[in-house]
Amino acid sequence: LRRMIRLESVVIAVFGALLGLALGLVWGVAVQQVLALEGLTAFAVPWGTVIAVVVGSVVVGLAAAVLPALRASRMNVLTAIAHE
């Protein structure tokens, strides 16, 4: 049960980080296209910041997985499943 909760939290954290990154990049490209129509052609992606945010999201997701997994490990499996 602990492993299941931890894996679910990790998958959600990683998926959220990657989805946020993808949506942010798509939004950035769309804004760049609109600005190009106005004559502004410079567009730079701060890759260091992007990588730091993704790594930070994964770390926070992993940390968020620890507390529920520890709580679940202290419960009887049948009680935990019935409680949810």
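The values are calculated or read from the model by the stated rules, or taken from the named source; none is laboratory data. Only a predicted model underlies this, so the values are computations on that prediction, with no experimental measurement involved. Reconstructed Cβ throughout: ideal geometry from the backbone, glycine too, with neighbour counts over all protein chains shown. These area figures cover heavy atoms from the full protein model, side chains too; ligands, DNA and RNA do not enter into them. Shrake-Rupley method; radii C 1.70, N 1.55, O 1.52, S 1.80 Å.
Please tell me if V10 is open to solvent by less than 60 Å² (accessible area, probe 1.4 Å), within 30 Å of S73 (Cα to Cα), in contact (Cβ under 8 Å) with a residue 40 or more places away in the chain and out of contact with any Leu (no Cβ under 7 Å at 6 or more places or on another chain). First the steps, then the outcome.
On the way: open to solvent by less than 60 Å² (accessible area, probe 1.4 Å): yes; within 30 Å of S73 (Cα to Cα): yes; in contact (Cβ under 8 Å) with a residue 40 or more places away in the chain: yes; out of contact with any Leu (no Cβ under 7 Å at 6 or more places or on another chain): no.
No; evaluated as a whole, the condition is false for this residue.
Every condition in (1) more than 15 Å from the chain's Cα centre (by Cα); (2) open to solvent by 50 Å² or more (accessible area, probe 1.4 Å) holds for A52 except the one numbered (1). Comparison of A82, A72, A63 shows that the only residue that is at negative phi and open to solvent by 70 Å² or more (accessible area, probe 1.4 Å) is A82.
For region 27-48, the count of residues that are surrounded by 13 or more Cβ atoms within 10 Å (Cβ to Cβ), in a helix (DSSP H, G or I), modelled with pLDDT of 75 or more and touching a Leu at 6+ places or on another chain (Cβ under 9 Å) is at least one.
Mind checking which pairs have a first residue in region 53-75 that is part of a helix (DSSP H, G or I) and a second that is open to solvent by 80 Å² or more (accessible area, probe 1.4 Å), Cβ under 7 Å, 6 or more apart or different chains? Listed pairs, sorted by first residue: G61/I12; A65/R6; A69/R2; A69/R6; A72/R2; S73/R2.
Yes or no: region 1-23 includes at least one residue that is at pLDDT below 85 and part of a loop (DSSP other than H, G, I, E, B). Checked region 1-23: at least one residue is at pLDDT below 85 and part of a loop (DSSP other than H, G, I, E, B). Scanning region 16-54 for residues that are closer than 25 Å to M4 by Cβ and in contact with a helix residue (DSSP H, G or I) (Cβ under 9 Å, 6 or more places away or on another chain) gives G16, A17, L18, G20, V54.
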